[in-house]
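A short worksheet on the structure shown next.
Just so it is clear, none of the values below were taken in a lab; they were calculated from the coordinates. These numbers were taken from a predicted model, which means no experiment stands behind them. Heads up, the Cβs are rebuilt from the backbone with ideal geometry, glycines too, and the neighbour counts pull from every protein chain shown.
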Amino acid sequence: MIKISILGSTGSIGTQTLDVVRNHGDKISVVAITGNENIDLLEKQALEFQPEIVAVWDEKKAGELRKRLQGKCEVLEGLEGLSAAAAWDSAQRVVTAIPGMAGLIPTIEAIKKGKDIALANKETLVAGGSVVMNLAKAQGVELYPVDSEHSAIFQCLIGNQRKYLSKISLTASGGPFRDYDIKQLEGVTVEQALKHPNWSMGKKVTIDSSTLMNKGLEVIEAKWLFDLKTAEIDVIIHPQSIIHSLVEFKDHSSMAQLGEPDMRVAIQLALLYPERHENNTKSLNLAEIGTLEFRKPDVNKFRCLKLAYDALEAGGSMPVVLNGANEIMVDKFLNKEISFLDIPKIIESVMNLHVPIREPGLEEILEIDRWARKHAKEKAGIIS
Ligand code: NAD
Ligand code: MG
């Protein structure tokens, strides 16, 4: 029986993780769950899965849930509660399914306590890559990717083949605007951007998918997870999202991992690896699908992808700036304060102000993140 803690159990990855647990109750049990403020759902989850603790970010809501769960389950609150859930004694593996930088500190707390990580939160590695990887190595902690592309690469490398790798290709659906020209991109609305063609996900990652920043963040995530150089990471548009990513080896043999787009497959593997078990996801039927298409991404139209590569090349603390500025821009776009094309424009202008430092420590990362957010807000204020 593996015991897990889920950070962000009320979100898209969190609820799908609980679905996997529901299916494999004899193999996985939940000892901690956390959420931002949706205490109705947290209450339901707590009653169904009977964790040892629940943590709620919003302190007022935590008080209310505490009353409701009195005598049944302990309720903690705020960053302290979140970190306690991440480092919870009986948890062996922690699912990091909170979006953004908010996931960094709890992930570090979990690694410090020697917990393996089922990593959904890519921003953790984008901003905290060297700190997180060094700590994980020192603690002998495994990072099992939940992101479907990284799970695919991980699966292609099973069998000690990493040493023969020559490059990887991360596939991208291209998002809802993949066929738009730059003129059409100017006028896209929040509602259009929130309609992803293949995946149902939280708002932040859905907007990132529409700008291709999600793929850019995944390029940086891949760098850290698989110890790659920028030139070893390609991105290819694949609208059907059937091939989840590929590895090419030195002998020009390529391996890919395929499946219907369903995050529960990657989540299940991240929880049960190296075991594979039956589930109720859809079996792949290539004859029914018929055609798989591929094309190069257009980085002139989708500038965010180019900016992520630039940040990776600049190295050091530049990805912290990319990530922090992007989080603010996604919020501003969702609040209809800026346009779709303002997103890369402002991120780039904030990156231009930053001189990266090499191997930033945690305090420096947090400081640079605050700096990037402040400048991004100021610049957005000038534009809107
Ligand atoms: P979501 O918005 O659906 O859920 C987020 C969860 O985190 C919720 O439980 C919410 O209550 C909680 N939360 C949000 N902000 C918080 C904060 N500041 N403090 C504490 N808790 C907070 O998001 P999601 O789509 O499940 O994505 C989660 C992470 O997984 C992201 O980093 C995303 O990039 C990554 N990811 C998601 C998918 C997907 O299919 N949804 C795929 C790959 C990777
Ligand atoms: Mg992904």
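Pull up all non-local amide H partners of ILE28: gap of 5 or more, or a different chain, and H-to-H distance under 5 Å with H placed in the peptide plane.
Sorted by chain and number, the residues that satisfy this are ILE2.
Calculate one ³J(HN,Hα) per residue across segment 61-73 by plugging θ = phi - 60° into the Karplus curve 6.51 cos²θ - 1.76 cosθ + 1.60, and present them in order as whole Hz with x for glycine and proline.
Ordered by residue, 3J(HN,Hα) equals 5, 4, x, 5, 5, 4, 5, 5, 9, 3, x, 10, 6 Hz.
5 Å is the cut-off here: which amide hydrogens, built 1.01 Å from N in the peptide plane, fall below it relative to LEU258, excluding neighbours closer than 5 in sequence?
Counting only residues 5 or more places away or on other chains, the set is HIS244.
If you find the alpha carbon centre of segment 207-281 and of segment 162-184, how far apart are they in angstrom?
Between the Cα centre of segment 207-281 and that of segment 162-184, the gap is 11 Å.
For a quick protection proxy, order the peptides 166-174, 224-232 by their average other-Cβ count within 10 Å, most packed first. Each step should come with its number before you reach the end.
Numbers: 166-174: 21.6, 224-232: 15.1.
Those peptides, ordered most packed to least, come out 166-174, 224-232.
How about LYS379: which aspartates and glutamates have a C-alpha closer than 19 Å to its C-alpha, ignoring those fewer than 8 places off in the same chain?
Partners within reach: GLU186, GLU327, ASP331, GLU337, ASP342, GLU348, GLU367, ASP369.
Among all lysine pairs in segment 207-350 that are eight or more places apart or on different chains, how many have alpha carbons less than 17 angstrom apart?
13
Could you list the trypsin sites (Lys or Arg not before Pro) in segment 314-345 that lie in coil according to DSSP, counting only those with at most 13 other Cβ atoms within 10 Å of their Cβ? List each step's numbers first, then the result.
Working: sites: LYS332, LYS336, LYS345; in loops: LYS336.
Answer in residue order: LYS336.
Tell me what the chain gives for mean residue ellipticity at 222 nm when only DSSP H runs of n ≥ 4 count, each as -39,500 (n - 2.57), the sum divided by the residue total, rounded to 500 deg cm²/dmol.
Values: 17 runs with 186 residues, N = 384.
After summing the helix terms and dividing by the residues of the chain, the value is -14500 deg cm²/dmol.
Using alpha carbon coordinates only, what is the Rg to Rh ratio of segment 309-384, with Rh defined as the Kirkwood radius? Walk me through the numbers before you get to the answer.
Working: Rg = 12.0 Å, Rh = 12.2 Å.
Value, to two decimals: 0.98.
Where a Cα-Cα gap under 17 Å defines reach, which lysines qualify for LYS115, not counting those fewer than 8 residues away within the same chain?
Here the lysines satisfying the reach criterion relative to LYS115 are LYS3, LYS137.
Compute the semi-axes of the equivalent ellipsoid of the chain, taking the square root of 5 times each eigenvalue of the Cα gyration tensor, and list them largest first in whole Å.
Working: eigenvalues 183, 135, 90 Å².
Equivalent-ellipsoid dimensions as semi-axes: 30, 26, 21 Å.
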